[in-house]
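Trainee: There's a structure below that I have some questions on.
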Amino acid sequence: MKLFQVRKGQFVYYNNELHKVYGVKPMYRQSVHLIRLRDLSQHLTSAAEVERYKPKEFDSFIFNHKAYTLKLDQNAEEGDYILIHNPRPDSLDTYSLNEIEMVETVDKKGIITSNSHGVKHNEYMLMVPGLEENSHPIDFKDMESDGVADLQEAPPQNVNLTDNVLLPALGDIYQKKDSTELFITMVLAVKAETVYLGGGLEISAFELMNAEKWEFLYNLQDQDT
């Protein structure tokens, strides 16, 4: 892919495995920040090394070590996971393409997620636990590859935060995902592996890169903003 074609949230194949684009930082040589879905490990690469995949109904994949099958004809219930494939957020919501969120409450019009996002039923696909009989596995682009079996059994790999290109950058805007209130902050300074955020917060870079707790939104210097 070309760099201008890569967008946050896209499903892509990298090294034959399914990933999701977590962020794009054009100023770096390895400008594409990925999350591998099967174990949520983080990886950096270039746009030329990834190939986009658009998820569809009956696709199945492993998310955080558990298998799920995507369904369109079934509304979510409390505690389910959803994949937001058709995002239409209102002015108060911040979710985007291919967000994976847990359902907290359900009504006739839609659901409220654990991140307090209001999502209409036509915006998501339900992630049904397990592999359906007619499902289409998408964990690997080439399921016949010699390395697939080894990759399935490989332990999770973590990002080496000592490499400067992996550290959050000045002007990065993050949203705290595990908060009951909307909290968005900016990176004000980075010293070694310590990140200083607006509001007087001081946390480690590793914690800020945890996709379960923090979501990268954009950088003030990005051309797309």
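Bear in mind that the values in this text are calculations on the coordinates, not laboratory data. Values in this document were obtained by computation on a predicted structure and should not be read as measured data. Neighbour counts run over all protein chains shown; Cβ positions are idealised from the backbone, glycine included.
Trainee: With a 10 Å Cβ neighbour count serving as the proxy for reagent exposure, in which order, fewest first, do TYR124, TYR13, TYR218 appear?
Mentor: TYR218, TYR13, TYR124
Trainee: For the range 26-39, just list the computed ³J(HN,Hα) in residue order, Karplus coefficients 6.51, -1.76 and 1.60, θ = phi - 60°, integers in Hz, with x standing in for Gly and Pro.
Mentor: x, 6, 9, 5, 8, 8, 9, 9, 10, 10, 6, 5, 5, 9
Trainee: Next question. Run the Debye formula on the Cα coordinates of the range 1-131, all scatterers equal and no solvent, and tell me log10 I(q)/I(0) at q = 0.12 1/Å.
Mentor: Debye output, listed in q order: -0.47.
Trainee: Would you mind checking which residues have amide H under 5 Å from PHE183's amide H? H placed 1.01 Å from N; only 5 or more apart, or other chain.
Mentor: Under 5 Å from the amide H of PHE183: LYS176.
Trainee: Rank these for me by crowding, VAL6, VAL106, going from fewest to most other beta carbons within 10 Å.
Mentor: Result, fewest neighbours first: VAL106, VAL6.
Trainee: Taking the alpha-carbon centroid of each part, what is the distance from the range 10-61 to the range 76-100 in angstrom?
Mentor: 19 Å
Trainee: Assuming a ≥ b ≥ c are the square roots of the Cα gyration tensor eigenvalues, decide whether the chain counts as rounded (a/c under 1.5), prolate (otherwise, with a/b larger than b/c) or oblate.
Mentor: oblate
Trainee: Which of VAL128, HIS85, GLY171 sits farthest toward the positive end of the charge dipole of the chain, with +1 on the Cβ of Lys and Arg and -1 on the Cβ of Asp and Glu?
Mentor: Going by the charge dipole, the pick is GLY171.
Trainee: Could you calculate the FRET efficiency of ASN64 with LYS191 from 1/(1 + (r/R0)^6), where r is the beta carbon distance between them and R0 is 45 Å, rounded to 0.05?
Mentor: It comes out at approximately 0.90.
Trainee: Follow-up. So for the pair ASN75, GLU207, with labels modelled 7 Å out along Cα→Cβ, what separation do we get in nm?
Mentor: 4.0 nm
Trainee: Lysines within cross-link reach of LYS71: Cα-Cα under 22 Å, excluding same-chain residues under 8 positions apart?
Mentor: Partners within reach: LYS20, LYS54, LYS56, LYS108, LYS109, LYS120, LYS141.
Trainee: Whose amide H sits under 5 Å from the amide H of ALA67, counting only residues 5 or more places off or on another chain, with H placed in the peptide plane?
Mentor: Under 5 Å from the amide H of ALA67: GLY130.
Trainee: Take the Cα gyration tensor of the range 59-129, multiply each eigenvalue by 5, square-root it, and list the three semi-axes largest first, rounded to whole angstrom.
Mentor: So the three semi-axes of the range 59-129 are 19, 12, 11 Å.
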